[in-house]
Every structure is written in C-alpha cells, then in structure tokens.
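*Asks:* Here you go, one structure.
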Amino acid sequence: MVEIRTFADRTAWAAACAVRLADTLSAALAEDGKAVFAGSGGSTPSPIYARLAEAPLDWARLVVTLIDERYVPETSSESNAALLKRTLLTGPASAARFIPLYSPQVTVDRAAALAAHALAAEGGRIDAVLLGMGEDGHICSMFPGNPALKSLLSPALRPTVFGVAAGRDGMAPSLERLSINLPYLAGARRVVLALTGARKRDVFEREAAGDPNTQPIAALIANDVPLEVLWTEAA
C-alpha cells in the first residue's frame, strides 16, 4: 500500500504538493536542460498551481501540458487548458511553452494522434505529474467501464495520448476527452496524487486494493509508478 502523507490544512497541503513538483522540475532542468510538467483539471489543483507558479524555475525551458482534456476549445468553461492558463501560466511561469491536448479536428482520435506526436517530439517523457482522482476512482480520463480503459491501462504500449468516448446511459465522461496513458505515468520522475476530503481517501484505499486491469489506482501501484499521495481532510 502506498503511504498517504497527511496535512493539517489546505495551505500546507498545497505548498507540499508544489514543492515536490518544483523540486522534480528543477532536477530535470539541471540534468537535461529542459523539463516537462503535466497537470490536471478541476477545482482541486488551483491552489497548488498558484504556489507552483511562484517557484524560482527557469520557466522558459519548461514545457507544460495536461494529463487529460475535455474535447472542447479554450473558450469553453469545461476547458482544462483555460484553467491551467489562469492559475499556473501566470507571471514568470507564463514563459513556459504550453502543449494542448485539444485541437479542432474532425474526430477526438485525430486530435489525440496530433497531441501524441507533439509530446513525442519533446522526448516522449513527462518529468513531473500532478494527478487528481474522481469519486469513482478515475484518474486522467481513465474511467471505469469506458471502452478506452483497456488501452489506457496497458503497460505494453508506448507513451501516447488516446481519445476517450463519452459514456452511455449516464456513465462518465459526459463529453469526449483526451488522455495520456499509463506508460507516460510510469516513465515520470514523480507523480503527485493530490486528494482532499475523507471521501476521497476512502475511495483511494478501496481502489488501491483493486484489480490493476480495471481500476486505475491499482494499476499505478502494480506498475511501479513513482506515486506520492498527499491528502488533507479539508475538502
């Protein structure tokens, strides 16, 4: 079982997440001369991004991307890219180069292929990753029961980006999405899973003991993803 690091409040939790990510990016810059960060969407990471944006990094040598994205343009309120630009890519951090997953293609699969090509051109590796988790146990856009899940969780594939179909009969996701796959997470230097609230902790502990073929959290653990779980009870 992965250790869950507990923090007394959201301020300490956000700071700890940001420090870990910044330290990893700094190490990558020192070793490789460049670094790649992939962030998540939703409301949870905003205070982490605010802290990370203040880190004294050479942002001009950083590439920033997303772990997943809804198949919508940045003008949509559902866009993770728009969130990242509002909360992370500000001040000195705005010098980083952003690689979106979304592009206005005929199909979500075509957009995924273009995103995969763009990330592969950066070396096909992500140095630091910030993950969130839904109450159904999904990470990235790896939704239980979705047809794309088997491919997304396959450790035998190269790091890439997949299109994720919208769910049917009320199943998630409500919109088509794009998502990096498990090999991208397994190849990272550090993956920070940021959780808040008692419910999310319960879900994590349940999913961690599950089937790695069908439950993404269990797949992270089974495939030795360099995972650190940071949690605060404050939802």
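Each value in this text was obtained by applying a stated rule to the coordinates, not by laboratory testing. Every value quoted in this text rests on a predicted model; they were computed, and no experiment measured them. Glycine also receives a Cβ, built like all others from the backbone with ideal geometry; neighbour counts cover every protein chain displayed.
*Asks:* Where a ≥ b ≥ c are the square roots of the eigenvalues of the C-alpha gyration tensor, would you call segment 12-51 rounded, which needs a/c under 1.5, or, failing that, prolate if a/b is larger than b/c, or oblate?
*Replies:* It comes out oblate by the Cα gyration axes.
*Asks:* Further, regarding this structure: So which aspartates and glutamates pass the test for residue 34, namely a Cα distance under 14 Å, with those fewer than 8 places away in the same chain ruled out?
*Replies:* By straight Cα distance, residue 34 reaches 23, 58, 122, 127.
*Asks:* Please work out the Cα center distance from segment 42-59 to segment 121-152, rounded to the nearest Å.
*Replies:* 20
*Asks:* Further, regarding this structure: Rounded to the nearest 5, what % of the DSSP beta bridges within segment 118-220 are antiparallel ones?
*Replies:* Beta bridges within segment 118-220, antiparallel portion: roughly 55 percent.
*Asks:* Quick check on the chain: helices-only [θ] at 222 nm, where DSSP H runs of length 4 and up contribute -39,500 (n - 2.57) each and the sum goes over total residues. Nearest 500, please.
*Replies:* Numbers: 8 runs with 78 residues, N = 235.
The helix contribution divided over the chain gives -9500 deg cm²/dmol.
*Asks:* If a/c stays under 1.5 just call it rounded; otherwise compare a/b with b/c (prolate if a/b is bigger, oblate if not). Do that for segment 1-141, with a ≥ b ≥ c from the square roots of the Cα gyration tensor eigenvalues.
*Replies:* Judged from the Cα gyration tensor, segment 1-141 comes out oblate (a/c at least 1.5, b/c at or above a/b).
*Asks:* For residue 36, what residues show an amide H to amide H distance below 5 Å, using hydrogens built from the backbone and excluding near sequence neighbours?
*Replies:* It is 63, 127, 128, by chain and number.
*Asks:* Sort 146-157, 79-90 by the packing proxy (mean of other Cβ within 10 Å over each peptide's residues), most packed first.
*Replies:* 79-90, 146-157
*Asks:* Right, something else. If amide hydrogens are placed 1.01 Å from N in the peptide plane, which non-local residues have theirs closer than 5 Å to the one on residue 229?
*Replies:* Counting only residues 5 or more places away or on other chains, the set is 5, 193.
*Asks:* Students often forget the sequence filter, so: which lysines lie under 24 Å Cα-Cα from residue 150 once same-chain residues fewer than 8 apart are removed?
*Replies:* 200
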